[in-house]
Structure formats: C-alpha cells, structure tokens
1. Using a Förster distance of 41 Å, how high is the FRET efficiency between HIS58 and ALA98, based on the Cβ-Cβ distance and rounded to 0.05?
2. Dividing the convex hull volume of the alpha carbon atoms of the chain by its residue count, what do you get in Å³ per residue?
3. Hey, rough spin-label estimate for ALA117 and ASP153, points 7 angstrom out along Cα→Cβ, what's it come to in nanometres?
4. Obtain the nm distance between the two label points defined at ILE23 and VAL106 by a simple spin-label model: each point lies 7 Å from its Cα along the Cα-to-C-beta direction.
5. Identify, among TRP60, LEU103, TRP121, the residue whose Cα sits farthest towards the positive end of the charge dipole of the chain, taking +1 on the Cβ of Lys and Arg and -1 on the Cβ of Asp and Glu, with the dipole about the Cα centre.
6. With +1 on each Lys and Arg Cβ and -1 on each Asp and Glu Cβ, how big is the dipole of the chain about its Cα centre, in debye rounded to the nearest 20?
7. For the chain, find the longest principal axis of its Cα atoms and tell me its angle to the long axis of helix 111-126, 0 to 90°, nearest 10.
8. As I understand it, the value is the acute angle between the Cα axis of helix 16-28 and the longest principal axis of the Cα atoms of the chain; what does it come to in degrees, rounded to 10?
Amino acid sequence: MFLARRGAGVAQTVAAENVAALIETVADKPGRRILNSADPDAPSGLEIARTIADLLGHTWEEILLDDPADPADPADTANPVLGRHPWDTKFPIVLDMAAALDLGYVPAGDFPTTVAAEIKWLTSAAAGHAGDRALAWLSDPYFDSFLDYAGEDRYLAERASI
C-alpha cells in the first residue's frame, strides 16, 4: 500500500448516516444557519487504509513515501505523484462541528463504524451481487491519478535492486 506524505494527510470524512443524523437534528429545530457536516473523527490516510485492511481481514506492506524536498529537483527521488489518495492533503482539513453539537446533533458513528457497511457493500458489488452497474463510478477519470500501478511497479523494481 503506497501512501504519499507517509499517510499523514487528513481530509475529514462524512458518512451518509452522519449527514442523515444532522438533517434529523436540524429538521426538529428549524432556523437560518450554516452547519458543517462531518464524521466525529478525522482519520489520516494511513488510519483509513489500516481500518479498511482490518475490515477486510487483509494485510499488506505499507510503503510510506516522503514528500519531495523540492519537486523541481530531479535529484530528489521522492515521487510527488506516487501514493496519492483522496485524503492526501498537505494541511489537515478538519471541520468544526461545535454548532451542530450545540443543536443536539449526535453522530451515528465514527469512521470505522460507519465505513464497515460501505466496505461490505463494495465487496458484495465487486463479487457481482449488486448488479453490473454498481461499480461503474470507478471508471470516473478522477480516480486515474490515484492508480499509478506502473509507477508502483517501477518503484518496487528500483527498491529491489538496491
């Protein structure tokens, strides 16, 4: 498992169950306001990867890549693209949920709790139990930059020859 920035990036997650719990809270207390909606925890990319591996009963080698000291320097061997993931942020993105909590919002669960059902659904869909189009969104070009398998293979081959 390749992770840029040593997996330290944080872009706070939000589960549908937590959004629904917030909607239920504000529906009971109508008013003009702006609220953030996020999971009660803000796991790093490494924590997310480990949670998913645990839910799948899977183990892998973690390859925690450093940031390049100078992305323009060809002598710097850190790859600025390899190991990117949707939570790969230089600075943490964590939402303040205080206003929602003050209204009485109670989260449905943290990331490991709420992602478990999604992982179960995804594995079922991948096994063909949810219809042919269930995973069609994976062909979205957005994901292409996160799937540099040839780059990963080159990195591993270079590492093996050292």
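1. Details: r = 36 Å, r/R0 = 0.89.
My answer for the efficiency is 0.65.
2. Details: hull volume 25.4 nm³, N = 162.
Dividing the Cα hull volume of the chain by its residue count gives 157 Å³.
3. 3.9
4. Spacing of the two 7 Å Cα→Cβ label points: 2.0 nm.
5. So the residue furthest toward the plus end is LEU103.
6. On the way: 12 positive and 26 negative charges, 87 e Å.
In total the dipole reaches around 420 debye.
7. The helix 111-126 is inclined about 70 degrees to the chain.
8. Here the helix axis deviates by roughly 20 degrees.
Readers should treat all values here as calculations from the given coordinates under stated rules, not as data from a laboratory. Given the structure is predicted, the values throughout are model-derived calculations rather than measurements. Cβ sites come from the backbone with ideal geometry, for glycine too, and all protein chains shown count toward neighbours.
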